[in-house]
Every structure is written in C-alpha cells, then in structure tokens.
1. Return only the number of the condition from (1) part of a strand (DSSP E or B); (2) modelled with pLDDT under 90; (3) of a type outside the set (Ser, Thr, Tyr) that ILE7 does not satisfy.
2. Taking the condition touching a helix residue (DSSP H, G or I) at 6+ places or on another chain (Cβ under 9 Å), in a loop (DSSP other than H, G, I, E, B) and touching a residue at least 24 places away in the same chain (Cβ under 8 Å), does PRO112 pass?
3. Within region 17-73, can you find the residues that are in a helix (DSSP H, G or I), more than 17 Å from ILE98 (Cα to Cα), at pLDDT 95 or above and not basic (Lys, Arg)?
4. Looking at ASP113 and the list (1) surrounded by fewer than 16 Cβ atoms within 10 Å (Cβ to Cβ); (2) out of contact with any strand residue (DSSP E or B) (no Cβ under 9 Å at 6 or more places or on another chain), which single condition is not satisfied?
5. Show the residue pairs meeting these rules: Cβ distance below 6 Å; 6+ apart or different chains; first residue within region 41-56 and free of Cβ contacts under 8 Å to residues at least 60 places away in the same chain and farther than 13 Å from ILE78 by Cα; second residue of a type in the set (S, T, N, Q) and assigned to a loop (DSSP other than H, G, I, E, B).
6. Among the numbered criteria (1) under 14 Å from VAL85 (Cβ atoms); (2) surrounded by 19 or more Cβ atoms within 10 Å (Cβ to Cβ); (3) not β-branched (Val, Ile, Thr), which single criterion is violated by TYR11?
Amino acid sequence: MKLDVSIKGKYKIITIHDSLKVISDLSSLKIEIEKHLERGEKNIAVSFSDASYLYSGAISVLVTCYRMVREEGGDLCIIEPQERVAELLDQMNIDRLIDIYESEDQLLVDKPDNDQ
C-alpha cells in the first residue's frame with residue numbers, strides 16, 4: 001500500500017493507493033498517523049478515493065486511528081470515499097463517529113482554517 005501526504009488548509013491529507021482496490025490492512029496508515037501526531041499535526045483527512053472496498057480489519061484500524069487523533073485533541077475525517085466504501089461506512093455507523101466528506105473542498109468549507 002502506498003500513502004501520499006499533501007496539505008490542504010489545516011489538514012494533512014493522507015491518500016491511500018492500493019493496487020488491489022480492496023483494503024484489508026491499514027497498519028501503515030496507523031504508523032503514518034502516529035508520525036504526524038508526534039510532530040504535533042493533529043488534523044488529518046484520509047482519502048479513500050482509490051479504494052473500492054474496506055474489510056472489517058481495516059475499519060477497526062481506522063476507528064483506532066480516530067481515537068488516537070481525538071485523544072491528542074485533533075480531528076480525523078474521511079474524504080472522497082467511493083460509493084461502495086461510503087455505503088459500508090454508513091451501514092456500520094462509522095459515519096456517526098467519523099465525519100465523511102465528498103471532497104477536499106467540502107471539508108474546507110465545513111472546517112475552514114481559522115487557527116492560522
């Protein structure tokens with residue numbers, strides 16, 4: 001799995017690229033988020049634009065990452081999920097815990113960078 005990191009407003013955007021399009025393991029995402037938290041970067045958006053499905057183990061890691069970020073006073077959200085991933089997150093009520101945005105632009109409209 002390849003992770004790309006970019007910045008949009010106050011958020012670090014972590015985009016997950018996986019050749020299989022089906023994500024079963026997000027342990028590398030957890031490690032990446034831990035690195036950002038150690039540097040004091042607490043606002044993180046995870047982009048699932050390339051993923052067509054998430055297995056339960058991946059969702060479990062995602063929830064763990066959310067809790068880690070919240071414990072540090074930060075915000076973790078999901079952006080750009082494909083339709084099938086968004087439906088799965090909705091069915092599992094993950095969308096009640098983690099904010100989900102259709103795009104980076106929607107994220108920035110809903111959570112503008114007022115801190116800087």
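The values are calculated or read from the model by the stated rules, or taken from the named source; none is laboratory data. Quick caveat, the model's predicted, so the values are computed rather than measured. Here Cβ is always computed from backbone atoms with ideal geometry, including for glycine, and neighbour counts include all displayed protein chains.
1. (2)
2. no
3. Across region 17-73, the qualifying residues are GLU34, HIS36, LEU37, GLU38.
4. So ASP113 meets the others, but not (2).
5. Final answer for the pair search is SER52/GLN82; TYR55/SER24.
6. It is condition (1) that TYR11 fails.
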